[in-house]
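S.K.: I have a structure here, written as structure tokens, and I will follow up with some questions on it.
The values are calculated or read from the model by the stated rules, or taken from the named source; none is laboratory data. Predicted model only: the values in this text are computed from it and were never measured. So basically every Cβ, Gly included, is an ideal-geometry build from the backbone, and we count neighbours across all protein chains shown. Just the protein is used for accessible areas: all its heavy atoms, side chains included, with ligands, DNA and RNA removed. Shrake-Rupley method; radii C 1.70, N 1.55, O 1.52, S 1.80 Å.
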Amino acid sequence: MRIGLALRELHRDEGDLASELLRVSDRHAVDHEIFYVARDLAVWSQDHVREIARIARDYDEDLDPDAATESSLVARLRDKGSELVGRRAAPGLELLRDLREVYLMASGVSVDWELVAQAAQGLKHRELVELTGRCHAETLRQVRWANGKLKESATQVLVS
């Protein structure tokens, strides 16, 4: 069955989204809303990673229940390197770029959840259907948060 492959992709994408949200939180720590909300949203993705790893065992997939954080460390090193060589964008533009990235990543995860939900219904796997419903709803909230913050910040950043 290919559902194992879909769960593996979803697991990776949720882990990447969690890492990106933590990176955005760290990069914009002076903005308290960004800092705290991005961290809260990252916890949702980390929970999703654990749930996906647990249910993937039903399909002979052995996935790590902990979301990878190495990419966050690498991203921070990359950011620091860019800062040191003077290639860092203005803070407002950097915020827009980061929120855009979160929006795109969360939208991709949303599509992943849709695909897995369709497969779960086809397989009549009730537990997976319930998991996709719950986690997809949270992913959609992540998408809406990033979109809302983009709309809120775009005018101020781009017109000033």
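S.K.: Quick one: among ASP58, ASP26, ASP112, which has the greatest mean-square fluctuation in a GNM of the chain with alpha-carbon springs under 10 angstrom?
M.R.: Result for the chain, Cα springs under 10 Å: ASP58 fluctuates most.
S.K.: Work out the P(r) tail for the chain: percent of alpha carbon pairs separated by more than 18 Å, whole number.
M.R.: Values: 7540 of 12720 pairs.
Cα-Cα pairs in the chain separated by more than 18 Å: 59 percent.
S.K.: OK, next. Find the accessible area per residue for the chain; the probe is 1.4 Å, ligands and nucleic acids are left out, and the unit is Å².
M.R.: Numbers: 9130 Å² over 160 residues.
Ligands and nucleic acids excluded, the figure is 57 Å² per residue.
S.K.: Label the range 1-68 by shape, choosing from rounded, prolate and oblate, from the square roots a ≥ b ≥ c of the eigenvalues of the Cα gyration tensor; if a/c is under 1.5 it is rounded, and otherwise prolate applies when a/b is larger than b/c, oblate when it is not. Mind showing how you got there, number by number?
M.R.: Numbers: a/c = 3.85, a/b = 3.11, b/c = 1.24.
Prolate is the answer for the range 1-68, as a/c is 1.5 or above and a/b outweighs b/c.
S.K.: I've got another one for you. Just to be sure I understand: with springs between alpha-carbon atoms less than 10 Å apart, which residue in GLN46, GLN118, GLN142 has the highest mean-square fluctuation in the Gaussian network model of the chain?
M.R.: Between GLN46, GLN118, GLN142, it is GLN118 that shows the largest mean-square fluctuation.
S.K.: Compute the distance from the alpha-carbon center of the range 83-160 to that of the range 14-62, in whole Å.
M.R.: 11
S.K.: So for each of 101-108, 48-55 I average, over its residues, the number of other beta carbons within 10 Å; can you give me the resulting order with the highest mean first? Before the final figure, lay out each step's value.
M.R.: Details: 101-108: 19.1, 48-55: 20.9.
Ranking the peptides 101-108, 48-55 by packing returns 48-55, 101-108.
S.K.: Which one, ASP66, ASP31, ASP16, has the greatest fluctuation when you compute a Gaussian network model over the chain with C-alpha springs under 10 angstrom?
M.R.: ASP31
S.K.: Just subtract the alpha-carbon distance of MET1 and VAL43 from 0.36 nm times their residue separation and send over the number in nm, one decimal. Don't skip to the answer; put the middle values down first.
M.R.: On the way: separation 42, 0.36 × 42 = 15.12 nm, distance 2.98 nm.
Using 0.36 nm per residue and subtracting the Cα-Cα distance, I get 12.1 nm.
S.K.: Let me ask you something else. List the relative contact order of the chain as a percent without decimals, with contacts defined as Cα pairs under 8 Å and 6+ residues apart. Before the final figure, lay out each step's value.
M.R.: Numbers: 165 pairs, mean separation 41.8, N = 160.
Relative contact order here is 26 percent.
S.K.: Provide LEU22, LEU115 ordered by accessible surface of protein heavy atoms (probe 1.4 Å), highest first. Provide the component values of the computation, followed by the final result.
M.R.: On the way: LEU22 30, LEU115 110 Å².
Ranked list, largest accessible area first: LEU115, LEU22.
S.K.: Let me ask another. Tell me, what % of the accessible area of the range 89-144 is carbon and sulfur with a 1.4 angstrom probe? Please report the intermediate quantities before stating the final value.
M.R.: On the way: 1710 of 2980 Å².
The computed percentage sits at 57.
S.K.: So for the pair LEU115, GLN156, with labels modelled 7 Å out along Cα→Cβ, what separation do we get in nm?
M.R.: 3.7
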